[in-house]
1. For the chain, set up a Gaussian network in which alpha carbons nearer than 10 Å are linked by springs, and say which option among Leu88, Leu63, Leu151 fluctuates the most.
2. For a quick check: with amide H placed at 1.01 Å from N, whose amide H comes under 5 Å from Asp36's, ignoring anything fewer than 5 positions away on the same chain?
3. Evaluate the charge dipole of the chain about its Cα centre and quote only its size in Debye, nearest 20, assuming +1 on the Cβ of each Lys and Arg and -1 on the Cβ of each Asp and Glu.
4. Starting from the Cα gyration tensor of region 113-215, multiply each eigenvalue by 5, take the square root, and state the resulting semi-axes largest first in whole Å.
5. Ordered by packing density, taken as the mean number of other Cβ atoms within 10 Å over each peptide's residues, highest first, how do 237-243, 31-37 rank?
6. Using θ = phi - 60° and the Karplus curve 6.51 cos²θ - 1.76 cosθ + 1.60, what whole-Hz ³J(HN,Hα) does each residue of region 267-281 get, with Gly and Pro shown as x?
7. Could you give each residue of region 163-169 its phi-based ³J(HN,Hα) in whole Hz, using Karplus coefficients 6.51, -1.76, 1.60 with θ = phi - 60°, and x for Gly or Pro?
8. What are the ³J(HN,Hα) couplings of region 282-291, residue after residue, when phi is run through the Karplus curve with 6.51, -1.76, 1.60 and θ = phi - 60°? Round to Hz, x for glycine and proline.
Amino acid sequence: MEWIDRKYIFLLSSKLPRFKAKSKSIFNFRCVFCEDSAKKVTKARGYLYPKKGSYRYHCHNCLTSLYFKNFLKKFDNGLYYQYLKESLQTTEKPESMKTDVEKFADKMKKPKFVKATVLNEMIKISSLPISHPAKKYIDGRKIPPRHHFRLYYAENFKELVNKFVPGKLSDDFVDGPRIVIPFIDENKILIGFQGRSLDPDSKMRYISIMLSEDSHKVWGLDSVDKESVVFLTEGPFDAMFLPNSIAAAGGNLTSTISLTGIPKRNIVVVYDNEPRNKHIMKQVKTAVEHGFKVVIWPDLLEYKDINQMILGGYSIEEIMTIINSNTFSGMEALLVLGQRKRCELDEGKRYVRSA
């Protein structure tokens, strides 16, 4: 319960270095796990913030992400058991501590959330005739048929978006048909969607629309098994070819995914194969330094991403063999990254796909 979390945050605050309230509900301090920075004692990148009735902790340096209860358990075991005892004894916030607004809200009926209203205005790709441009595009990219019912088609994307999120897309945004990729969370609630233009000359091929500022641009949360190995790709189309996979559609992959509750030990980050892209390679190195397992693609692999590999003739089994053979972590990953930078092409390498 959020009010109990707040109570214990203040009880704990004297032990948290550089603790301060950023607002009425968000608290900031130096991370107690990575200590932020040995060189700059002013660095404070740990945050406690409310989410869905309780508080969560997140560090923007080491990417540690925990519910406050688990944060308290790791940091102050004695206070943790006191917290547990009080939580078990209290089922709701005491009436004397409630505001007038909270008392009024108690009298109201609980809202019923509409899970996918905007999707009701679209057509599933699986329902389109094979001659339809959107269907032909998806078939042309060889997206597995099992995902076609999860994809939609919007004839007038801008008009549809502005109907549900007024003013979201400006007047200069060129309307037109788009394939729509929904982002649905683990509670089966639509949190946003991505539109892929069918116009090959479009200046904005992809655009993501989030229905809540607190939601993360992650595809696949509705079907992923968080307790098994989870493959994280840069785009939803690539993820659709891999088992138990998700995609962070925009932003920093590891920073975004750290907020989803998936254990870091289960995640394998699959960046695009762009060894000459300094931004991508920096992200790979950062992911390794933050404790993630990463795929470091072989030097001789000529394709940019998984979808291109499929179009180039690779089977899913071959791709998974390459991924499993080239997944690294820790010092080994950093060594391989260094070797790949210096390595010259050698036709005898084992990564070459046989004809």
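Coordinate-derived values only; no laboratory data. Keep in mind that what you see is a predicted model, and the values were worked out from it rather than measured. Neighbour counts run over all protein chains shown; Cβ positions are idealised from the backbone, glycine included.
1. In the Gaussian network model the winner is Leu88.
2. Close amide H contacts, sequence-distant or interchain: Cys31.
3. Details: 58 positive and 41 negative charges, 250 e Å.
So the dipole magnitude of the chain works out to roughly 1200 debye.
4. Working: eigenvalues 89, 67, 26 Å².
For region 113-215, the semi-axes come out at 21, 18, 11 Å.
5. Values: 237-243: 21.4, 31-37: 17.9.
In descending order of packing, they fall as 237-243, 31-37.
6. 8, 10, 8, 10, 6, 4, 8, 9, x, 8, 8, 4, 5, 5, 5
7. 5, 9, 10, x, x, 5, 9
8. Karplus-based 3J(HN,Hα) across region 282-291 equals 5, 5, 4, 4, 5, 4, 4, 5, 8, x Hz.
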